[in-house]
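*Asks:* Questions regarding the structure given below will be posed in turn.
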Amino acid sequence: MNKGELSYHGKKDVHSNYAGGMVEGINHYTLSMGVGEHINIYVTDNYELQFGKGYSYEEIGNMLESIEEKRGFKPYELPNSALEIYFYTNDSNTSLPADRQAATGAWVSNTGAGMPNEIILNGSLLYRDHRQTIVHELSHYFDNQSYFVMNKGTYCNYGGENYYFWLSEGAAEYCSCYFYPYPTNDKNNLVTFGFESKESIIRYCEQQKNGRKDVLDSIPLKSFADIVSSSNRNYGVILALYRYIADEYGITSLNSFTRYIAEKFTESSPISAWDREDTARKFFNKTEPEILGDWLAFYNYFK
């Protein structure tokens, strides 16, 4: 089986952690990435009937290679990095979650050798191109095999649970928007959202708030984590800040900032306001409140 090649193995009964038991009679594909275990992809008949055979899942090899190139490592080389991906709809007659759009889960800890992941994608709850959603989830898979998830406690100590959330979801949103060059979708009528302009990101923020323009509940903001609570976890706002920092200071600086926190601090070390100011200045030459003030002005306070 060649790298990037998708192979069909018929229908299979398989255990899913998200389903809490067996998923019966689901189409089974495997994907080789050239190293490590094959990736298992499971697709229900209803998903293929509604969205087109091969839609989204046939591009997973190319998606992973694009993320590989940007992230600089191959998670499948780790011995415990098995990946299973489920594509289904609420008409598929399975016990997979009916109320989740998509998710990436792991049920063991990563101690350095990787961690098995399960990704689910429910087409019934998605109203744009599924490929952008699956790339978002694949970004989480990469994070789960890296230093990032192993240092969650450190990030929470550094800036709180929302700090970790912003770093994780910001990176995944950025990945889904800018890491993979989506080919034309000829399988169905779902539209690929473009996020090239400032205006397009503002529209995404408003769409996440059900069309409302007041996407932030409170300002001023003192920490990158504050945008998570102020926006009620609006993924458009999370992307807006992540992309602003990447554009203004460079994605390499943002990645280095993220890694530095994990290497410099621990989940129990005392971290002062001065430590956070010094860390931000080291990579951006500004403090977080200063960057947030510039960001708000750039987006005209999302008015």
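*Asks:* Which count do you get for residues in the range 61-73 that are at pLDDT 95 or above and either outside any helix (DSSP H, G or I) or within 20 Å of A102 (Cα to Cα) (or both)?
*Replies:* The number of residues fulfilling the criteria is 5.
*Asks:* Can you pull out the helices (runs of 4 or more DSSP H) entirely within the range 251-300 that have at least 3 residues that are over 23 Å from the mean Cα position of the chain (by Cα) and in contact (Cβ under 8 Å) with a residue 60 or more places away in the chain?
*Replies:* Here the list reads 288-298.
*Asks:* Modelled with pLDDT under 95 and on the phi > 0 side of the Ramachandran plot: does that describe N110?
*Replies:* no
*Asks:* Which of the residues belonging to the range 163-193 are over 15 Å from the mean Cα position of the chain (by Cα) and not aromatic (F, W, Y)?
*Replies:* P181, P183, T184, N185, D186, K187, N188, N189, L190, V191, T192
*Asks:* Continuing with this model, one more query. Is the range 161-176 home to any residue that is part of a loop (DSSP other than H, G, I, E, B) and not charged (D, E, K, R)?
*Replies:* no
*Asks:* Next up: Count, please, the residues in the range 230-256 that happen to be farther than 16 Å from G293 by Cβ and surrounded by fewer than 18 Cβ atoms within 10 Å (Cβ to Cβ).
*Replies:* 9
*Asks:* I'm told H140 meets every condition in (1) surrounded by fewer than 18 Cβ atoms within 10 Å (Cβ to Cβ); (2) modelled with pLDDT of 95 or more; (3) not in a strand (DSSP E or B) except one. Can you identify the failing condition by its number?
*Replies:* Failing condition for H140: (1).
*Asks:* Tell me, yes or no, whether the range 207-227 has at least one residue that is within 30 Å of K53 (Cα to Cα), in a helix (DSSP H, G or I) and not charged (D, E, K, R).
*Replies:* Scanning the range 207-227 turns up at least one residue that is within 30 Å of K53 (Cα to Cα), in a helix (DSSP H, G or I) and not charged (D, E, K, R).
*Asks:* Hey, can you tell me all the residues within the range 271-292 that are basic (K, R) and surrounded by 15 or more Cβ atoms within 10 Å (Cβ to Cβ)?
*Replies:* Within the range 271-292, R276, K286 qualify.
*Asks:* A further question follows. Of all residues in the range 25-56, which are closer than 22 Å to Y76 by Cβ, in a loop (DSSP other than H, G, I, E, B) and not charged (D, E, K, R)?
*Replies:* Once the filter is applied, which keeps residues that are closer than 22 Å to Y76 by Cβ, in a loop (DSSP other than H, G, I, E, B) and not charged (D, E, K, R), the range 25-56 yields S32, M33, G34, V35, G36, H38, G54, S56.
*Asks:* While we're here: Considering the range 74-101 alone, what residues qualify as being out of contact with any Phe, Trp or Tyr (no Cβ under 7 Å at 6 or more places or on another chain) and over 17 Å from P116 (Cα atoms)?
*Replies:* N90, D91, N93, S95, A98, D99, R100, Q101
*Asks:* Shifting gears a bit: Quick one: is S124 among the polar types (S, T, N, Q), closer than 18 Å to S176 by Cβ, in the same structural domain as D13 (by the TED database) and touching a residue at least 24 places away in the same chain (Cβ under 8 Å)?
*Replies:* Spelling it out, it is not the case that S124 is among the polar types (S, T, N, Q), closer than 18 Å to S176 by Cβ, in the same structural domain as D13 (by the TED database) and touching a residue at least 24 places away in the same chain (Cβ under 8 Å).
*Asks:* Further question: Among the residues of the range 77-100, are any touching a Gly at 6+ places or on another chain (Cβ under 9 Å), more than 30 Å from S229 (Cα to Cα) and assigned to a helix (DSSP H, G or I)?
*Replies:* There is at least one residue in the range 77-100 that is touching a Gly at 6+ places or on another chain (Cβ under 9 Å), more than 30 Å from S229 (Cα to Cα) and assigned to a helix (DSSP H, G or I).
*Asks:* Applying the selection to the range 178-208, what residues are in contact (Cβ under 8 Å) with a residue 24 or more places away in the chain and under 16 Å from L126 (Cα atoms)?
*Replies:* N185, K187, N188, L190, V191, T192, F193, Y204, Q207, Q208
*Asks:* Taking the condition of being hydrophobic (A, V, I, L, M, F, W, C) and more than 26 Å from K303 (Cα to Cα), how many residues in the range 161-208 meet it?
*Replies:* Of the residues in that region, 4 qualify.
*Asks:* Enumerate the pairs (first residue in the range 147-160 and outside any helix (DSSP H, G or I); second residue anywhere and of a type in the set (A, V, I, L, M, F, W, C)) with beta-carbon separation below 7 Å, excluding pairs fewer than 6 apart on the same chain, so at least 6 apart or on different chains.
*Replies:* N151/A262; G160/A225
*Asks:* Residue under question is S223, and the condition is that it be closer than 26 Å to R131 by Cβ, crowded, with 19+ Cβ neighbours inside 10 Å, small (G, A, S) and assigned by the TED database to the domain that holds T287; does it hold?
*Replies:* No; evaluated as a whole, the condition is false for this residue.
The values are calculated or read from the model by the stated rules, or taken from the named source; none is laboratory data. Please read all numbers here as calculations on a predicted model, not as lab measurements. So basically every Cβ, Gly included, is an ideal-geometry build from the backbone, and we count neighbours across all protein chains shown.
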